[in-house]
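Data block below; observations after.
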Amino acid sequence: MSFVVLNFRTEYRTGKDPRDWVLVAPRGEAFERSQTWHIVDTLRPSDKLRSGQMAEKMVERWAVIEPAYNAWKKGEEVPENGTPLGAWPAIDAEKRKFLNGMGIRSVEDVATMSDSTIESLPFPGRRDLPKLAKTFLEAQKDANLAAQNAELQERLAAMEELLQEQMADKPKRGPGRPKKTETEAA
């Protein structure tokens with residue numbers, strides 16, 4: 001199940017330790033009606049957690065919540081996973097606002113939208129959005145690889161130049177075996 005971390009708050013209780021809460025919601029059309037608050041400590045997997053399907057779900061859920069929780073505790077902005085919708089030129093501000101309202105905040109979220117979520121979108125060309133998002137992400141990955149390749153080519157050229165400089169400093173010896181010195185002959 002894919003969900004979004006929306007907010008955190010601290011509850012201060014008389015005579016007891018403060019308790020942190022997290023607001024989560026599923027991605028997609030149930031985003032607005034299924035937002036729920038949970039006590040953070042109950043979601044954190046314990047060391048005594050046994051293996052099994054429930055344990056795996058707790059670990060997966062905590063892997064999403066933990067970075068956001070740690071950022072919130074430090075007073076930083078909650079990190080966004082993936083490429084922000086604002087960096088994707090295929091949608092305008094109105095569509096971006098609507099998708100954000102459904103909990104879809106990244107291009108990766110659009111690429112993995114379910115059919116029911118796609119059908120609930122009120123704008124034309126909605127069925128093409130996941131394909132466009134996948135194409136954009138692949139192109140972005142290709143651009144990153146091209147940039148890395150160019151950087152590696154530059155480094156290789158610099159290393160070759162350095163190697164040639166070092167080889168030029170050493171005197172070349174003639175063909176054949178070097179003559180033995182008197183100490184080696186004895």
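The values are calculated or read from the model by the stated rules, or taken from the named source; none is laboratory data. Small disclaimer: the values here were computed from a predicted structure and weren't measured. As a convention, Cβ positions derive from the backbone with ideal geometry for all residues, glycine included, and neighbour counts pool all protein chains shown.
Taking the stretch 122-170, which residues are outside any helix (DSSP H, G or I) and in contact (Cβ under 8 Å) with a residue 24 or more places away in the chain?
Going through the stretch 122-170, the residues outside any helix (DSSP H, G or I) turn out to be 122-125, 170.
Matches in the stretch 122-170: 122, 123.
One residue is enough: does the stretch 90-108 have a residue meeting the conditions part of a loop (DSSP other than H, G, I, E, B), assigned by TED's automatic domain parsing to the domain that holds residue 2 and on the phi > 0 side of the Ramachandran plot?
Step one: filter the stretch 90-108 for residues part of a loop (DSSP other than H, G, I, E, B), giving 90-92, 102-105.
Then drop every residue that is not assigned by TED's automatic domain parsing to the domain that holds residue 2, which leaves none.
The answer is no; no qualifying residue exists.
Identify the residue in the stretch 44-66 that is more than 16 Å from the chain's Cα centre (by Cα) and assigned to a helix (DSSP H, G or I) and, among all such residues, is surrounded by the most Cβ atoms within 10 Å (Cβ to Cβ). It would help to see each step written out before you state the result.
From the stretch 44-66, those more than 16 Å from the chain's Cα centre (by Cα) are 44-59; that's our starting set.
Retained after the next criterion (residues that are assigned to a helix (DSSP H, G or I)): 53-59.
On the way: 53: 7, 54: 10, 55: 13, 56: 12, 57: 12, 58: 17, 59: 12.
Filtering the stretch 44-66 for residues that are more than 16 Å from the chain's Cα centre (by Cα) and assigned to a helix (DSSP H, G or I), the one surrounded by the most Cβ atoms within 10 Å (Cβ to Cβ) comes out as 58.
Six or more apart or on different chains, Cβ under 7 Å: which pairs go from a residue in the stretch 55-76 that's in the same structural domain as residue 45 (by TED's automatic domain parsing) to one that's assigned to a helix (DSSP H, G or I)? Could you list them?
Correct list of pairs: 61/43; 62/43; 65/43; 69/40.
Take the residues in the stretch 1-23 that are modelled with pLDDT of 90 or more and of a type in the set (Val, Ile, Thr); name whichever of them is farthest from the chain's Cα centre (by Cα).
Selected residue: 14.
For (1) over 16 Å from the mean Cα position of the chain (by Cα); (2) aromatic (Phe, Trp, Tyr); (3) modelled with pLDDT under 85, each residue gets a yes or a no:
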{"site": "68", "(1), (2), (3)": "no, no, yes"}
{"site": "76", "(1), (2), (3)": "yes, no, yes"}
{"site": "84", "(1), (2), (3)": "no, no, yes"}
{"site": "90", "(1), (2), (3)": "yes, no, no"}
{"site": "102", "(1), (2), (3)": "yes, no, yes"}
{"site": "120", "(1), (2), (3)": "yes, no, no"}
{"site": "141", "(1), (2), (3)": "no, no, yes"}
{"site": "156", "(1), (2), (3)": "yes, no, no"}
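Quick check, is residue 138 surrounded by fewer than 16 Cβ atoms within 10 Å (Cβ to Cβ), in contact with a helix residue (DSSP H, G or I) (Cβ under 8 Å, 6 or more places away or on another chain) and not assigned by TED's automatic domain parsing to the domain that holds residue 30?
Working: surrounded by fewer than 16 Cβ atoms within 10 Å (Cβ to Cβ): yes; in contact with a helix residue (DSSP H, G or I) (Cβ under 8 Å, 6 or more places away or on another chain): no; not assigned by TED's automatic domain parsing to the domain that holds residue 30: yes.
No.
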